[in-house]
Amino acid sequence: MKVSFQIKLFISLVLFFSGLFALLGVYYYKDVGRQLYQEMSVRAKIQAEEIAIIPNLRKAVAEKDIPAITQFMHQVVSHSDASFIVIGDNKGLHLFHSVHANVVGKTLIGGDNEEVLRGLTTTTIRKGGLGISLRSKAPIFDDNGQVVGIVSVGYLTSYLDTITLGKAINIFIAAVLLLVALFIFSWFFTRGIKKQIFSLEPREIGLLVRQQKAMMESIYEGVIAVDSELRIEVINQAARKLLGLSQPTRALRGLAIGDVIAPVPFFTRTVMLEHDTHDEICCFNTLTVIASRVRIMLEDKLQGWVITFRDRNEIDSLSAQLSQVKRYVDNLRIMRHEQLNRMTTLSGLLHMERYDEAVRYIQAQSEHAQELLDFISSRFSSPTLCGLLLGKAARAREKGVELAFDPLCRMDRACLALGEAELISIIGNLLDNAIEATQRAALPHEPVEVLILLNERELIIEVADRGIGIDPTIREHIFERGMTTKHSGDHGIGLYLIASYVTQVGGSIDVSDNDPRGAIFSLFIPEAGNVQRPVPTLEDQNYAT
C-alpha cells in the first residue's frame with residue numbers, strides 16, 4: 001500500500017519533532033537536577049554556617065545544654081525548608097535532631113565528621129538515618145576558637161527528585177501542548193504543500209518534469225517561457241537553434257528576454273499585458289518569424305508568458321507546397337470537367353442517332369486539341385513537360401485565356417543545367433502568373449505567348465502576357481520572398497523560386513513591359529557542359545508544378 005506524500009510528510013515531521021522533544025526533555029531533566037543540587041548545596045551550606053555562628057547556640061553547645069539547644073533549634077527549624085537539621089558535639093554525638101529526637105546522645109551517621117571537627121565546612125551526599133541526602137556540615141567554635149560542635153543541614157535526595165520531577169512535568173505538559181500545536185500546523189502545512197503541487201506525488205512530479213523536458217526538446221517550434229518579470233524560465237533546443245544561441249539552457253535561464261532577443265514591440269511589457277497574440281510576424285535577431293504569445297495564469301495571478309515561434313520561410317514553404325498541390329487538383333478538375341461536357345454532348349447525339357453530327361462534333365472538338373497535342377508532343381521530348389503544358393492550356397481555356405505557343409518552340413533533349421523538377425517549377429509558375437494577370441485585365445483577354453527553346457548555347461524561356469502588368473513601385477522587389485501583387489491565396493513564392501533556380505545555374509532574368517500592356521518575362525539559362533546542375537531538395541520538388 002502506497003502512502004501519499006501528505007501523510008509521509010506529516011508523519012516525518014511528527015516523528016522528527018517528537019524525537020527532538022524527547023532528547024530535549026531528557027537533557028532538561030538532567031540539567032534541572034544538576035542545577036537544583038548545586039542551588040541546594042549552597043543553601044544548605046549558608047544555613048549551616050549561619051546557624052553555627054549564633055552566640056546562644058555556641059554557648060549551649062559548649063555547655064552541652066540539650067534543653068536549651070532543643071528549645072532554640074525548634075525556632076530555627078520552623079523557618080527552614082531543610083529536610084533535617086542536626087546538632088552534634090565534638091565527640092560526634094547527637095545533641096539535637098529535627099526529625100528524630102530519640103537519637104540524642106547517639107553517634108552521628110555518615111562518617112563525614114573528621115574534616116568538620118578540624119574546622120572545615122563540607123558538603124556531601126551521604127546516607128544517614130533518614131536515607132540518602134545532600135547535606136552541608138559547618139563547625140561550631142567556642143570563644144577560644146576551639147571546635148565544640150557540628151551543625152548539619154540536609155535535604156533528602158528524594159525531596160530534590162520530587163522538585164525536579166515537578167518541574168519536568170510542567171515542561172512536559174508545555175511540550176505536549178506545543179507538540180499538539182505542531183501536529184495541527186504540520187497537517188495544514190503538508191496540505192498546503194500538497195495543494196501547491198496540485199496533489200501530485202514527488203515521483204509523479206519527477207516523471208512530469210522528465211516528460212516536459214522530452215516534450216520541449218521534441219517540439220520543432222521554438223518555445224520560450226518567461227516569468228512575470230520577463231526573465232527566461234524555459235527555452236528549448238529549437239529556439240536556441242533558430243536564434244543562433246550557443247549557450248546551454250542553464251546559462252540562459254534567468255536572463256532577461258531583452259538580453260537574448262533584440263528588443264522588439266512583441267516583448268514590450270505594456271503590449272504583453274494588453275492581450276495575447278497568435279501568428280504575428282516579427283523579427284527575432286534578424287530572423288523573420290511567425291510568433292504567438294499566451295499568458296500563464298495561476299489562481300487569477302499572472303505567472304508569465306509562453307512564446308512559440310517558427311521560421312517564416314518554413315511557413316511560406318509549406319504554403320507554397322499546398323498551393324502547388326491545389327494547382328495539380330485544379331488541373332485535373334478542369335480536364336475532367338471538359339471531358340465530361342464533351343462526352344455528355346456526344347452521348348446525346350448518339351442517342352438521337354445523329355451520327356454524322358456526332359462525327360463532325362468529335363472532329364471539331366478534337367481538331368484544336370489534337371493540333372496542340374501534336375505540336376507539344378513533337379516539340380518537347382519530356383513527357384512531364386508535355387503534361388504540364390497541356391494541363392496549363394486546359395486550365396487557361398477554362399478561365400477564358402488561350403496559350404499561344406511560338407512556332408520556334410523546341411526542346412528535344414534534357415537541359416544539362418536544370419533538372420526536370422526545377423524546369424517544371426519555373427515554367428509552371430511563369431504560366432500561372434501570366435494567366436492570372438491576363439484574367440485580371442479588361443475583356444477581351446488576349447492570348448499568353450509562350451516560347452521555350454533549347455539551342456546549343458542556352459535555354460530560352462519567354463512568357464508574354466497582356467494583363468495588368470507590374471506595379472512600378474515593386475518592380476525592383478518582385479523576386480523577393482513574400483512579394484506579390486495578388487490579393488488572395490498563397491503567393492509570394494513563385495517568382496522567388498524562379499529567381500533562385502535561375503541564379504543557381506548562372507542564368508539571367510529580364511523583365512520588361514509588353515506593348516500595349518502586360519509584362520514579358522525572359523529567362524536565359526546557359527547550356528554548357530561545365531555548368532553544375534543544383535541538386536533539388538525535397539522542398540523544391542514539392543514546389544514543382
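The values are calculated or read from the model by the stated rules, or taken from the named source; none is laboratory data. As the structure is a prediction and not an experimental result, all values here were calculated from the model. When we count neighbours, we look across all protein chains shown, and the Cβ atoms used for this are built from the backbone with ideal geometry, even at glycine.
Numbers at a glance
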{"read-out": "Only one of Val14, Val61 that is within 30 Å of Val180 (Cα to Cα) and in contact (Cβ under 8 Å) with a residue 60 or more places away in the chain", "value": "Val14"}
{"read-out": "Members of region 346-393 that are polar (S, T, N, Q), modelled with pLDDT of 80 or more and under 26 Å from Ile435 (Cβ atoms)", "value": "Ser377, Ser378, Ser381, Ser382, Thr384"}
{"read-out": "Residue count, region 427-471 (criterion: over 59 Å from the mean Cα position of the chain (by Cα) and either among the acidic types (Asp, Glu) or over 22 Å from Phe375 (Cβ atoms) (or both))", "value": "6"}
{"read-out": "Some residue of region 409-422 being without any contact (Cβ under 8 Å) to a residue 24 or more places away in the chain and either surrounded by fewer than 21 Cβ atoms within 10 Å (Cβ to Cβ) or over 22 Å from Asp513 (Cβ atoms) (or both)", "value": "no"}
{"read-out": "Residue in region 525-533 that is at pLDDT 80 or above and assigned to a strand (DSSP E or B) present", "value": "yes"}
{"read-out": "Qualifying positions in region 20-74 - polar (S, T, N, Q) and over 60 Å from the mean Cα position of the chain (by Cα)", "value": "Gln38, Ser41, Gln47, Asn56, Thr70, Gln71"}
{"read-out": "Single condition Ala441 does not satisfy, out of (1) of a type in the set (Gly, Ala, Ser); (2) surrounded by fewer than 19 Cβ atoms within 10 Å (Cβ to Cβ); (3) free of Cβ contacts under 8 Å to residues at least 60 places away in the same chain; (4) out of contact with any strand residue (DSSP E or B) (no Cβ under 6 Å at 6 or more places or on another chain)", "value": "(3)"}
{"read-out": "Those residues of region 397-428 which are modelled with pLDDT under 90 and over 26 Å from Ser500 (Cα atoms), in sequence order", "value": "Arg397, Glu398, Lys399, Gly400"}
{"read-out": "Residue that is surrounded by the most Cβ atoms within 10 Å (Cβ to Cβ) [pool: residues in region 374-392 that are in contact with an Asp or Glu (Cβ under 8 Å, 6 or more places away or on another chain) and outside any loop (DSSP other than H, G, I, E, B)]", "value": "Lys392"}
{"read-out": "Filter result for Ala181 (at pLDDT below 80 and on the phi < 0 side of the Ramachandran plot)", "value": "no"}
{"read-out": "The one condition in (1) touching a residue at least 40 places away in the same chain (Cβ under 8 Å); (2) within 17 Å of Thr157 (Cβ to Cβ); (3) among the β-branched types (Val, Ile, Thr) that Val99 fails to fulfil", "value": "(1)"}
{"read-out": "Selection within region 371-398 - among the basic types (Lys, Arg) and touching a Leu at 6+ places or on another chain (Cβ under 7 Å)", "value": "Lys392"}
{"read-out": "Residue check for Ile334: of a type in the set (A, V, I, L, M, F, W, C), part of a helix (DSSP H, G or I), over 30 Å from Glu480 (Cβ atoms) and at pLDDT 70 or above", "value": "no"}
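Here's the yes/no breakdown for (1) out of contact with any strand residue (DSSP E or B) (no Cβ under 9 Å at 6 or more places or on another chain); (2) of a type in the set (A, V, I, L, M, F, W, C):
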{"site": "Asp143", "(1), (2)": "yes, no"}
{"site": "Leu160", "(1), (2)": "no, yes"}
{"site": "Gly166", "(1), (2)": "yes, no"}
{"site": "Asn170", "(1), (2)": "yes, no"}
{"site": "Leu178", "(1), (2)": "yes, yes"}
{"site": "Phe189", "(1), (2)": "yes, yes"}
